[in-house]
Amino acid sequence: MSTPNNNTKFTRLWPTLFMAVTLPGHEAANSILSSLVMQRNAEQDQMTTNYINQNFFDSDHPAINWLLQCCHQAIAEYAQESGMAEMPEVSIQAWPNVNFRGDYHNLHNHPHSWLSGTYYLNVPDQEDAETFRSDLNPGAISFFDPRGAVNMSAIRNDGQFDPEYRRVPKAGELFLWPAFLYHLVHPNLVDIPRLSISFNVVVKSKARYL
């Protein structure tokens, strides 16, 4: 194998940064947050799909405040890893998700936001599902290469051309990604609900930062 000479420089253009972190203290917080989410789900119709008209973080509940602080910390780390010289001033809007058996989320992204994220309260084991098909990927979330049709020229084992990044989250994990990134949630195939809290990160005073 040839060795690059000292004049060779590699630049990875247009990277898509994805962040995953397991929040410390999630074991105690998740049981409380799960109860709050299920209570809200019982009180309103279409809670998950009616995300625009609510903000789960508009609360003084200690567990919700804990999660909000964790989100701000994750956003700051994301900005630092991105090489940003200044952390933008942001607002965060959140909504709960309750996926019962058979529920899923279609392919979508999150317009008008800088970043999007999800914190996972409960991700049930899918091994006991009655239905199995290899293409269902129950309980997983998939993200797709935003560079349209770039995989048409893919070469095996070249990671930059893999059109899909699929991952089964764990309870206590927080994911953060660019809001433009298309993603979908595969169906829950067991009777135990899959619980999460999603959120959008919106930049304030855009004229200052854009």
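Annotations for the structure displayed:
- Considering F10, F18, the condition of being surrounded by 10 or more Cβ atoms within 10 Å (Cβ to Cβ) and either modelled with pLDDT of 95 or more or of a type in the set (F, W, Y) (or both) is satisfied by F18 alone.
- Residue pairs whose Cβ atoms lie under 9 Å apart, separated by 6 or more positions or on different chains, with the first residue in segment 163-174 and over 15 Å from F144 (Cα atoms) and the second in a loop (DSSP other than H, G, I, E, B) and charged (D, E, K, R), do not occur.
- Count - residues of segment 186-201 that are over 17 Å from M19 (Cα atoms) and either within 10 Å of the chain's Cα centre (by Cα) or surrounded by 16 or more Cβ atoms within 10 Å (Cβ to Cβ) (or both): 8
- Options A76, A129, A85, A94: the member that is outside any strand (DSSP E or B) and modelled with pLDDT of 95 or more: A76
The values are calculated or read from the model by the stated rules, or taken from the named source; none is laboratory data. These figures come from a predicted structure and were not determined experimentally. We place every Cβ from the backbone using ideal geometry, glycine too, and count neighbours over all the protein chains shown.
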